[in-house]
Amino acid sequence: MTTAGKIIKCRAAVAWEPNKPVVIEEIEVAPPQSNEIRIKIVATGVCHTDLYHLFEGMHKDGFPAVLGHEGAGIVESIGPGVTEFQPGDKVIPLFISQCRQCRFCKSPKTNQCEKGWAADKYDVMAPEESRFTCRGKKVLQFMGTSTFSEYTVMNQVAVAKIDPAAPLDKVCLLGCGICTGYGAAVNTAKVEPGSTCAVFGLGAVGLAAVMGCNAAGAKKIIAVDINPEKFEKAKVFGATDFVNPKDHDKPISQVLSEMTNGGVDFSLECVGNVAVMRDALESCVKGWGMSVVVGWTDKDNFSARPIQLIAGRTWKGSLFGGNMATAGTIIKCKAAVAWEPNKPLVIEEIEVAPPETNEIRIKIVATAVCHTDLYHLLENMHEEGFPTVLGHEAAGIVESVGPGVTEYQPGDKVIPLFIRQCRECRFCKSPKTNQCEKAWTGFTNSNMMAPEESRFTCKGKRLLQFTGTSTFAEYTVVNKLAVAKINSAAPLDKVCLLGCGVCTGYGAAINTAKVEPGSTCAVFGLGAVGLAAVMGCNAAGAKRIIAVDINPEKFEKAKVFGATDFVNPKDHDKPISQVLSEMTNGGVDFSLECTGNVEVMVILCRAAVAWEAGKPLAMEKVEVAPPRRGEVRIKIVATGICHTDAYTLGGADPEGVFPVVLGHEGAGVVESVGEGVTKFEAGDAVIPLYIPQCGECKFCKHPKTNLCQKIRLTQGKGLMPDGTTRFSCKGKSLFHFMGCSTFSEYTVVAEISLAKVDHRAPLDKVCLLGCGITTGYGAALNTAKVEAGSTCAVFGLGALGLAAIMGCQAAGAARIIGIDLNPNKFKIAREFGATDVVNPQDHSKPIQEVLIEMTDGGVDYSFECVGNVTIMRAALEACHKGWGTSVIIGVAAAGQEISTKPFQLVTGRTWKGTAFGGYRGVEGVPKLVEDYMNKKLKVDEFVTHTLPFEKMAEGFDLMHAGKCIRVVLQF
C-alpha cells in the first residue's frame, strides 16, 4: 500500500527539553509539500553536534525537536515541483543547502546558502516548516534534517542523490563528520604537498582531517589528543607524529613550535574548545601559518593576541568542510547528445556522476564548436564512438573535486584539455613532445574515453566522453591531468577558444615549426586554426606569410592577423606547390597545413640520408609526402641500428639502391592514413614490418611460410607499391629501404607492412621487435621448433644470437652453448639462458669438432647469427647426424655462397634459413609486445645504449666495435 500523500506514523527519538535524555516516541510525519522530499532513514550517525544541542546549547526555543543530521536513506515520496528526485532514490540529507540561485551559491568563495536553515539560527527549522507532530504538539526539525526519525521531510535543495550501490550504513557519515574534517583540510585550509600539519582532536572529524591532510600530500601530520589510545587509529589515517598535551609541562603550542622549527603550516581544531582553538592558532608558523576552526561551539568567545595575525597567520572557520551540497551527488543538466553518426545532435537532460579519484567536475560556462566535433559526428562515423557528448573547446568553473585532487578547488576558473599532462611519464619528461602516455587515447576509437571512464548517462544509457572533455554539456567530468587553472579575471566566453584552435595553430608555428625571424611561411586554410598559425608566424618574426585558401573572402581577415600575400589555388592551372615554389624562388621555409586534407600535407623533417654506397650518412631535412591509397604515414619515435643497415650502406647488398633512407627496426605513432585504410587511424602505436602480410597471396595462405610476396617487386627496388617514392631532398627523390625507412622522423609504409601494438608499450624498447629480437627468437621457436630437453648451439652473441638463446630457453632446451670470438659477451649470454660458452680461439681444432665432442655426437639445433658463410658450414656440421637442424639467420655479403659435403645432409641433417623468425608480423608482433608487457619476453635487456637521433654515427661506431647489443636512437 502506498504511503505517498499520507501521514506516516513512525518511531523517532524526541528531545522534549534541554539537558534531558531523548525519548523514543511514535510521531506523525506529514507528507512533503512543494519542493519537499520525504525520506525513509535507513541509518544515522550520532554526532557531537546533536549532543551539544541537547546538553550544552541549551536553547529553550529549540525544543521539542527531533535531532540527528548525519543520515542516509531512500526517497519515499516527493512534493509538487520536485523534478530531480523520485521514490527509490538513495539520498543523504544535507544540513547545508544549495539552491544554486542565491548570491552565496553563485559565489565560489563559500558553500553557504541563503535559503538554508543556517540563515538565522544554527539549530532548528522555523516551527511552521516542521512536518513532525507528537502527542498533539508540533516537534521542531533539527538542522533541516532530523535523522533520528524513521521518516523525515527535507527541502529538495538540501538532499544529495548518491550511487544506488552505496551502503547507506556507511555513507551516512558523509552527511557531516567525514566531509567536515576532510574538506577542512582540502577545501578550506588548502593543505599543500610537503607541508606540516597539526590536527587537534582525534574524533571522527579529526581523523577525517588527518585523512584530508594526507590526501593533500602533507609531509608531516601531527595528531594531538589527550587520549593516547586514539593514536594508533590516527596512524592508520595518515598521522606521522603524536602528541599528548598531558605529557608536557609547557603549552602545546610551544611544544609544536619546537617540534617543527617555528610552527606548523596548517592547524585544524576539531574539538570545539575555545582554549584549543587559540592553541591551534599559536601553533602555526608566523608569516604564512593557517589555522582552521572545525569544532562547533557558540557558548564561549575565543580570542587571541592581534600580533598572532599581524605576524602573518590566518584564522579561518569551516562548515561542512567547504563542500558544496552537489559535491558527491549526481547532477542533472542539459547536454547536446550525439546518439549516432551522421545525425543531428539532440538537446537532452543527462545525469553527470560525481568525480571519482583524481577527477574534477566542471560547470561549463562557454564552449565553441570545432571542426573536430563535426568530423566525428559527420565523417568519422565510428559506430563504437556513439552515443556521446561532443565538445572540447571550452572554459568553466570547478564545481567539485574527487579524492586526491589538491591543485584545484570549487570556484577555480579552468579550461579542459584534450591533451593531458601527468608530468611523470616518459613523454611528459621529454622536451620533444607534449603528448602524454596517460591520455584518453586508450579506447578503440582514438578520440573517445573508454566507456567505464564516462560519467554521463541519459535515458538509462551510458554516454561516451569525447576527447576526455565533452564540453557540450552544462557539467562535465575530466581527469585532473587534463585541466588548466586560469586567471580568475579571464572572460570565459573568450578564452574558451584556447582549449583547441587558437593554441593549436599558434603553437604549430611557434613550438613545432619554430618559425625563424625573416623566414617565408605558407599557411594552408584560413579557418580559426589557420588564422592562429598566421598569428604565430607573425609573432615569430616571419618576413613573408602567404595565406592559401579557396575562399578569397577570408583574405581580408588573414591580413589583420599578419598575412602578407594571398593565393587562391583555383586561380592557377598548376599545382599549388609549384605556384608557391615559383613565388618564393624554390619554396617556402615553413608550411603549415590547417585543413585536414592529406593531399596537401608534405612534412619537412629530419632524416639520415645515404647518398651513395660506402659514404657516411648525412643528416638532412627531407620532405615526406602524404600517404596514398593503402598507405600510412608514421611519426617514428625510436629506431634501432641493425647490421643489415650497415650491410646495405657498405655496398654489399645486391638490392641496394641510392640515395636511400635506411632503417627498418623502428616504432612510432600513426600520423595520417591514405584512402581506403581502415585498420589504422591517427594515434595508433605501430611497428613497421619489412615482411608484409597481405593475407591474400599464395604465400600468406600457405601455413609454412611468412614470406608475403604482394609488394616484393617494388619493395626490392626501394619504391612504394605504386612504383613511386614518398621521400625527396634537395629536389631529388630518395628510395625507401625494406619498405620501412625508419631513419627518418616521418616515413610512409604500406598498410600491409604495419603492426598495431599496445599503446602503453614503450616505443623506444619495442622498436627492436621490428627485426633483431623477433628474428632470433622466432628462429628458435618457429623455424627450428626447438624441443624441450634438446641441446642447442648459437653462433654469434650479438642481438640476434642472444634472442636465439632466449628462444631456445623458452622452448625448454636443456643445454644452450653460446659461441663467440669475444669472451666479453659470455656473461650476458649466460643471463639470457646460455648454459655453456665457447671461444673458438681457445681450441686448436675446428669449432664443429669441439661441439661434437662436447655433446656426444653433435647438437640437436644450431643457429648461425653472424652472416659468415664459413660459420654457416661449421654450424651445420656441428649438428647431430640423423636429426640435427641448423638455421641460418645472419645475412652474408653479396656473391658469397654456402657449401658443405652432401653427406652432411644425406646423413639426416637439415639446413634451413629464416626471415623475421618465421613470424607473420601483422599478427605476431602485437603478441610479442603483449608478452613483453607481461614480462614473458626480454626486450629492455637488449638496449645497451640510447642516443639522440643526431648521434647516429656514434651508434654505428658502437655496433662495428662490438661494444653494444643494440643502440636505440630517439627522435
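The values are calculated or read from the model by the stated rules, or taken from the named source; none is laboratory data. Everything numeric in this text was worked out from a predicted model, so none of it was measured. Using ideal geometry, Cβ is built from the backbone for each residue, glycine included, and neighbour counts are taken over all protein chains shown.
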* Asked: Only one residue in Thr914, Thr907 is of a type outside the set (A, V, I, L, M, F, W, C), modelled with pLDDT under 95 and more than 47 Å from the chain's Cα centre (by Cα), so which one is that?
  -> Thr907
* Could you list, in sequence order, the residues of region 928-959 that are out of contact with any helix residue (DSSP H, G or I) (no Cβ under 9 Å at 6 or more places or on another chain), farther than 15 Å from Arg760 by Cβ and either free of Cβ contacts under 8 Å to residues at least 24 places away in the same chain or among the hydroxyl-bearing types (Ser, Thr, Tyr) (or both)? -> Pro948, Lys951, Glu954, Asp957, Leu958
* Asked: Looking at region 893-928, which of the residues that are farther than 21 Å from Cys808 by Cβ and of a type in the set (A, V, I, L, M, F, W, C) is surrounded by the most Cβ atoms within 10 Å (Cβ to Cβ)?
  -> Val922
* Structure fact -> Only one of (1) surrounded by fewer than 24 Cβ atoms within 10 Å (Cβ to Cβ); (2) modelled with pLDDT of 95 or more does not apply to Ile178, and that is (2)
* Asked: Assuming Leu649 fulfils every condition listed in (1) in contact (Cβ under 8 Å) with a residue 40 or more places away in the chain; (2) closer than 26 Å to Phe942 by Cα; (3) surrounded by 23 or more Cβ atoms within 10 Å (Cβ to Cβ) apart from one, which condition is it?
  -> (1)
* Is it fair to say Ala239 is crowded, with 21+ Cβ neighbours inside 10 Å, modelled with pLDDT of 95 or more, assigned to a loop (DSSP other than H, G, I, E, B) and within 35 Å of the chain's Cα centre (by Cα)? -> yes
* Structure fact -> Flagged in region 138-187 as in contact with a helix residue (DSSP H, G or I) (Cβ under 8 Å, 6 or more places away or on another chain), in a loop (DSSP other than H, G, I, E, B) and not aliphatic (A, V, I, L, M), in numbering order, are Gly144, Thr145, Thr147, Phe148, Cys176
* To do: May I ask you to say which residue of Val42, Val124, Val46 is at pLDDT 95 or above and at negative phi?
  => Val42
* Could we say that Asp61 is crowded, with 16+ Cβ neighbours inside 10 Å and in a helix (DSSP H, G or I) here? -> no
* Return a yes/no flag: does region 665-674 have any residue that is under 16 Å from Val749 (Cβ atoms), part of a loop (DSSP other than H, G, I, E, B) and touching a residue at least 12 places away in the same chain (Cβ under 8 Å). => yes
* **Hey, Ala522 surrounded by 16 or more Cβ atoms within 10 Å (Cβ to Cβ), farther than 21 Å from Val369 by Cα and in contact (Cβ under 8 Å) with a residue 40 or more places away in the chain or not** => yes
* Structure fact -> Listed by first then second residue, the pairs whose first member lies in region 7-21 and is assigned by TED's automatic domain parsing to the domain that holds Ser130 and over 13 Å from Glu150 (Cα atoms), whose partner is in a strand (DSSP E or B) and among the aromatic types (Phe, Trp, Tyr), with beta carbons under 9 Å and at least 6 positions apart or on separate chains, are Ala15/Phe142
* helices (runs of 4 or more DSSP H) completely within region 527-643 that count 2 or more residues being at negative phi and over 39 Å from the mean Cα position of the chain (by Cα) -> 555-561, 576-583
* Asked: Of all residues in region 411-445, how many are modelled with pLDDT of 80 or more and part of a loop (DSSP other than H, G, I, E, B)?
  -> 17
* If you take just the helices (runs of 4 or more DSSP H) that sit entirely in region 677-795, which of them hold at least 3 residues that are under 30 Å from Asp860 (Cβ atoms) and either outside the structural domain of Ala814 (by TED's automatic domain parsing) or more than 30 Å from the chain's Cα centre (by Cα) (or both)? -> 772-778
* For residues that are over 21 Å from Gly586 (Cα atoms), aliphatic (A, V, I, L, M) and out of contact with any helix residue (DSSP H, G or I) (no Cβ under 7 Å at 6 or more places or on another chain), tally how many sit in region 498-549. => 1
* Limited to region 871-891, what total is found for residues that are assigned to a loop (DSSP other than H, G, I, E, B) and either outside the structural domain of Leu800 (by TED's automatic domain parsing) or of a type in the set (Gly, Ala, Ser) (or both)? -> 4
* Asked: Considering only residues of region 892-921 that are part of a helix (DSSP H, G or I) and in contact (Cβ under 8 Å) with a residue 40 or more places away in the chain, which is farthest from Leu800 (Cα to Cα)?
  -> Gly921
* Asked: Can you spot a residue in region 620-634 that is in contact (Cβ under 8 Å) with a residue 60 or more places away in the chain, surrounded by 20 or more Cβ atoms within 10 Å (Cβ to Cβ) and not assigned by TED's automatic domain parsing to the domain that holds Cys729?
  -> no
* Going through region 188-202 one residue at a time, which ones are in contact with a Gly (Cβ under 8 Å, 6 or more places away or on another chain) and in a strand (DSSP E or B)? -> Val199, Phe200
* Residues in region 130-137: is at least one buried (at least 24 other Cβ atoms within 10 Å of the Cβ), modelled with pLDDT under 85 and farther than 18 Å from Cys172 by Cα? -> no
* Lone qualifier among Gly656, Gly731 - being at pLDDT below 95, surrounded by fewer than 19 Cβ atoms within 10 Å (Cβ to Cβ) and of a type in the set (Gly, Ala, Ser) -> Gly731
* Return yes when Ala208 is farther than 19 Å from Tyr408 by Cα, among the small types (Gly, Ala, Ser), part of a helix (DSSP H, G or I) and out of contact with any His (no Cβ under 8 Å at 6 or more places or on another chain) and no when it is not. => yes
* Asked: Based on what the data block shows, is Val660 closer than 30 Å to His376 by Cα and assigned by TED's automatic domain parsing to the domain that holds His759?
  -> no
* **Selected residue (only one of Pro616, Pro552, Pro575 is over 16 Å from Cys729 (Cα atoms), of a type outside the set (A, V, I, L, M) and out of contact with any strand residue (DSSP E or B) (no Cβ under 9 Å at 6 or more places or on another chain))** => Pro575
* Please work out if Ala327 is modelled with pLDDT under 80 and of a type in the set (Gly, Ala, Ser). => yes
* Structure fact -> Looking across region 11-29 at residues that are surrounded by fewer than 16 Cβ atoms within 10 Å (Cβ to Cβ) and in contact with a strand residue (DSSP E or B) (Cβ under 8 Å, 6 or more places away or on another chain), the single one that is nearest to Cys99 (Cα to Cα) is Arg11
* Which residue, of Glu950, Glu941, is over 20 Å from Gly770 (Cα atoms) and either assigned to a strand (DSSP E or B) or not assigned by TED's automatic domain parsing to the domain that holds Gly656 (or both)? -> Glu950
* Among the residues of region 212-230, count how many are part of a helix (DSSP H, G or I) and either surrounded by fewer than 17 Cβ atoms within 10 Å (Cβ to Cβ) or at pLDDT below 95 (or both). => 6
